[in-house]
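Okay, so here's the structure we're looking at.
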Amino acid sequence: MQRRLLIALASLLVLAGTGGHAADGPTRLRIGVEGAYPPFSEVGPDGKLKGFDIDIANALCARMKAQCSLVQQDFDGMIPALAARKFDAIIASMSITPERQKQVLFTDKYYQTPARLVAKAGAGFETTPAGLKGKRIGVQRSTIHDRYATDKFIGAEIVRYTKQDEVYLDLAAGRIDAALADSIATEVGLLKTPQGKGFAFFGPLYTEPSYFGIGAGIALRKSDTALAARFNDALRAIRADGTYQKIAERYFNFDVYGDPPATGK
């Protein structure tokens, strides 16, 4: 009897040390976020993280009764940092694509928005390889936009940046001719700002699933199937009780969850 009590006590200490419970999974989670992608994530004037991704992360953690800490990470280092256990999940507008599914496990989507090209209004660029030949196209490195532009805009020079706002700065300064990015991020981060005056979208909505995926999801290590299930349960719960809609209405005047296939990044 004494031996059994000692074993039970040891098991409880192990669970306490890992911050979790065998049945419910960990109660302490580290969430990888970017903090440089408005309106989805950014650092406010007070130095605090804010945005749609941030609010969704906090709502999901509250629903799972998990104590979460947000860890900032450049987007191109997200998956390597997840693999290195710098954090437990990525909530950073990461699109669910076949290529990424080889590396990480995704939850269900939590939003969808299309990608578009942006340039000086009236530039008259055609969105064909011939029409963009010789043009400098800015993209954020390691995004779906980077991959698509590299594969499809043959003859254009693809200029890669670590952060999306760096793309906008160079576009406004005339150092690149156009940019391919998420349409909502571009509208908020460029077109609705003073530096975006005189710029406009052109060409089609880009939604090809093999490149742009089936929406933005939460990325986890492939072995963390139980944690993925918890996130999916929490996603369904916040959509059912109206929490998701309240968060979305802070940032968007349309259904960001999205019915047509579209993208994050």
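Condition check ((1) in the same structural domain as residue 82 (by TED's automatic domain parsing); (2) touching a Pro at 6+ places or on another chain (Cβ under 9 Å); (3) in a loop (DSSP other than H, G, I, E, B); (4) over 16 Å from residue 51 (Cβ atoms)) across all residues:
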position	(1), (2), (3), (4)
185	no, yes, no, no
188	no, yes, no, no
218	yes, no, no, no
228	yes, no, no, yes
231	yes, no, no, yes
236	yes, no, no, yes
247	yes, no, no, no
258	no, yes, yes, yes
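Which strands (runs of 3 or more DSSP E) does the range 1-106 wholly contain that include 1 or more residues that are under 21 Å from residue 223 (Cα atoms), touching a helix residue (DSSP H, G or I) at 6+ places or on another chain (Cβ under 7 Å) and modelled with pLDDT of 95 or more? So that I can check it myself, show each step before the final result.
Numbers: elements: 28-33, 41-43, 67-72, 89-95.
In the range 1-106, the matching strands (runs of 3 or more DSSP E) lie at 28-33, 67-72, 89-95.
Of the residues in the range 40-75, how many are of a type outside the set (Lys, Arg) and surrounded by fewer than 18 Cβ atoms within 10 Å (Cβ to Cβ)? Walk me through it before giving the result.
Taking the range 40-75 and keeping what is of a type outside the set (Lys, Arg), we get 40-47, 49, 51-62, 64, 66-75.
Imposing the further condition that a residue be surrounded by fewer than 18 Cβ atoms within 10 Å (Cβ to Cβ) reduces the set to 43-47, 58, 62, 67, 69, 71-72, 74.
Going through the range 40-75 one residue at a time, the tally reaches 12.
Restricting attention to the range 147-170, and to residues there that are in a helix (DSSP H, G or I) and among the hydrophobic types (A, V, I, L, M, F, W, C), which single residue is surrounded by the fewest Cβ atoms within 10 Å (Cβ to Cβ)?
Filtering the range 147-170 for residues in a helix (DSSP H, G or I) gives 147-152, 164-170.
Within this subset, residues satisfying the condition of being among the hydrophobic types (A, V, I, L, M, F, W, C) are 149, 167, 169.
Details: 149: 26, 167: 28, 169: 16.
Restricting to residues being in a helix (DSSP H, G or I) and among the hydrophobic types (A, V, I, L, M, F, W, C), the top hit is 169.
The values are calculated or read from the model by the stated rules, or taken from the named source; none is laboratory data. Just so we're clear, the structure is a prediction, and the values are computed from it rather than from any experiment. Positions of Cβ are generated from backbone atoms using ideal geometry, with glycine treated the same way; all protein chains shown enter the neighbour counts.
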